[in-house]
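The values are calculated or read from the model by the stated rules, or taken from the named source; none is laboratory data. Since we're looking at a predicted model, the values are computed, not measured. Note: ideal-geometry Cβ built from the backbone for every residue, glycine included; neighbour counts use all protein chains shown. SASA here: full protein model, heavy atoms, side chains in, ligands and nucleic acids out. Shrake-Rupley method; radii C 1.70, N 1.55, O 1.52, S 1.80 Å.
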Amino acid sequence: LESLQRRRLAPCNPFAPSHRSSFDGGSSGWHGAMAEPQKLAFPERGGPAAKPLPRFQIAALCICNCAHFYAVCSLFSYGGIMSADMGWAVDRDHAGNIAGFLQSANVLGRIPTSFIWGCFAERWGLRAGLAMAMSSLMVGGLIFGFCVDATVAVAVRFVFFGMGNGWVTFFGPLSISLGGPERQTEVTGIVFASGTLSQLLGPALGGWTYGVLEGAPALVPSFIGAFVSICALVALWAWMPQIQPEVYARPVNGSEAEDNPGFLKVLCTWPVPLLVVLRSTQGFLNFAFFEVVPLWAISSLDLGGLALSENILGTIFAFSAVGSGGFMAIGIKRVTKSVGLRRASALGNLVCLIAFVIMPFVPNAVVLMIVHAITNSAMGMMGACYIASINNAVHPSQRATVNGICVTFESFGKGIGPMLTAIAFASSLSKWGVSGHGVVFFFMSFLHLLLIIGTVMFPSDVEGLRSAASEKARRSPLPGPAPSFVG
């Protein structure tokens, strides 16, 4: 009721269309799209039915997400095996040390450049940044397949898959640009579904094609990633217009000094610091999940593992991708619409907490596939909720830059996640044997408990868009009880 009354008292909607949408028509191709930044228009809240989502633009984002996640995740199924085969590790049971560095290199590479990519998008547009990111993934995929030295392999992933890949920075502003404030989680769910398929089918393809060429066992899976990146570049050229983040949703009421606060002030305004911490921790757990589960699954039966081969592990990921990808495409928007961003985030954390407690005790590959699919679905819902919460919590003209800062901290979490958990898993097996195979999983469950506590602390502002009208209403609160977590 409080939200409805604020909306009724607001003088006008800052997202009311003032320009013809770039997706109602317009030029295509590089020259036409770069000639003039497009201004997106969204239907008014509570007004007529929303227009259909721009299918081709979202399809281009899906292909870009597939290229990104294939480059990052295809190594999960054969990273430990490759480390042992190339002589970088003693054996598969101790391959977690070097495999962790391979997985972390691409994410750590984002730390020095995420903020730069955010500033680049503010100046040159999101489409140009996406083209550069996909080009970097293509070049990195072509080079990584020929790597025979561990240091060179880590460096290639750090530079081309990390520093040159600004996809994660661009996606937050893109989701609200294409879907508007009301449908951004729907866009995020669709793109996340494609990423999930690549996230899990990527390791499957990597496991199936690894070792086809004996001299360069990673050449075929790496070339597959380069091909997907080329497809993403073609899709961007054909379907994606230029999008300038700062023009798609400017406030129309109040002075610029009042409605466009300073960047540092935004980062220090509650709940932005909390959202940055939660998103970083979620990234840590997400990539730790991708790393630890395969390492545990390929470990020997005597040490509590399942002794699975890369082919069986790839098959598990493939079937898991079908279930979790379907949920992200259809289920995320329904859950967030029914219970809101805060309770959906808490629910996803609770599911992951339970899954990590039982995962080291699953008896066979079939049960592992089911638990893996459920856990990955919950991870995707958490990520979508945190991205939407950040978009709602900051000023429209600063979303790209703030997302760049968030990605910097998130990349640090994702970077150290695989490395620390892989080393901790290998060390726990060496020190405690079979008794230590679940230590890392229990630690991850504890972190999800902390995330639930942090999610409960979310204010109600993250459920709705932060705009000029809502800022005025927030500064003059209406009488009545304060919003609660379940409200």
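Selection of the stretch 215-234 for residues being closer than 10 Å to Tyr70 by Cβ and open to solvent by 20 Å² or more (accessible area, probe 1.4 Å) yields Ile224, Phe227, Val228.
Go through the stretch 179-202 and give me each residue that's open to solvent by 10 Å² or more (accessible area, probe 1.4 Å) and either among the aliphatic types (A, V, I, L, M) or free of Cβ contacts under 8 Å to residues at least 40 places away in the same chain (or both). Those that are open to solvent by 10 Å² or more (accessible area, probe 1.4 Å) and either among the aliphatic types (A, V, I, L, M) or free of Cβ contacts under 8 Å to residues at least 40 places away in the same chain (or both): Ile190, Leu197, Leu201.
Any idea which of Val212, Val247 is farther than 26 Å from Ser104 by Cβ, surrounded by fewer than 24 Cβ atoms within 10 Å (Cβ to Cβ) and at pLDDT below 80?
Details: Val212 fails: at pLDDT below 80.
Val247 is the lone residue from the list that is farther than 26 Å from Ser104 by Cβ, surrounded by fewer than 24 Cβ atoms within 10 Å (Cβ to Cβ) and at pLDDT below 80.
Gly323 falls short of the stated requirement of being over 27 Å from Phe412 (Cα atoms), more than 21 Å from the chain's Cα centre (by Cα) and at pLDDT below 85.
Within the stretch 133-148, the only residue that satisfies the criterion of being open to solvent by less than 60 Å² (accessible area, probe 1.4 Å), over 11 Å from Gly225 (Cβ atoms) and not in a helix (DSSP H, G or I) is Cys147.
Within the stretch 112-132, can one find any residue that is closer than 23 Å to Thr281 by Cα, open to solvent by 30 Å² or more (accessible area, probe 1.4 Å) and touching a Pro at 6+ places or on another chain (Cβ under 7 Å)? No, the stretch 112-132 has no match at all.
Does any residue of the stretch 343-354 turn out to be charged (D, E, K, R) and crowded, with 20+ Cβ neighbours inside 10 Å? Within the stretch 343-354, none of the residues are charged (D, E, K, R) and crowded, with 20+ Cβ neighbours inside 10 Å. Restricting the first member to the stretch 400-428 and to residues that are under 30 Å from Ile176 (Cβ atoms) and modelled with pLDDT of 80 or more, and the second to residues that are crowded, with 24+ Cβ neighbours inside 10 Å and acidic (Asp, Glu), the beta-carbon pairs closer than 8 Å and six or more apart or on different chains are Gly417/Glu291.
The single residue among Thr151, Thr169 that is surrounded by fewer than 24 Cβ atoms within 10 Å (Cβ to Cβ), in a helix (DSSP H, G or I), of a type in the set (S, T, N, Q) and at negative phi turns out to be Thr151. Taking the listed residues Asn392, Asn403, the one that is touching a Lys or Arg at 6+ places or on another chain (Cβ under 6 Å) and part of a helix (DSSP H, G or I) is Asn392, with no other qualifying.
For Ile387, are the conditions met, namely being open to solvent by 10 Å² or more (accessible area, probe 1.4 Å) and in a helix (DSSP H, G or I)? Can you show your working first?
Working: open to solvent by 10 Å² or more (accessible area, probe 1.4 Å): yes; in a helix (DSSP H, G or I): yes.
The answer is yes for Ile387.
You will find that of Ser300, Ser345, Ser338, the residue that is touching a Ser or Thr at 6+ places or on another chain (Cβ under 9 Å) and among the polar types (S, T, N, Q) is Ser345 and no other.
Looking across the stretch 298-342, the residues that are farther than 21 Å from Phe69 by Cα and touching a Leu at 6+ places or on another chain (Cβ under 6 Å) come down to Ile298, Leu303, Ala307.
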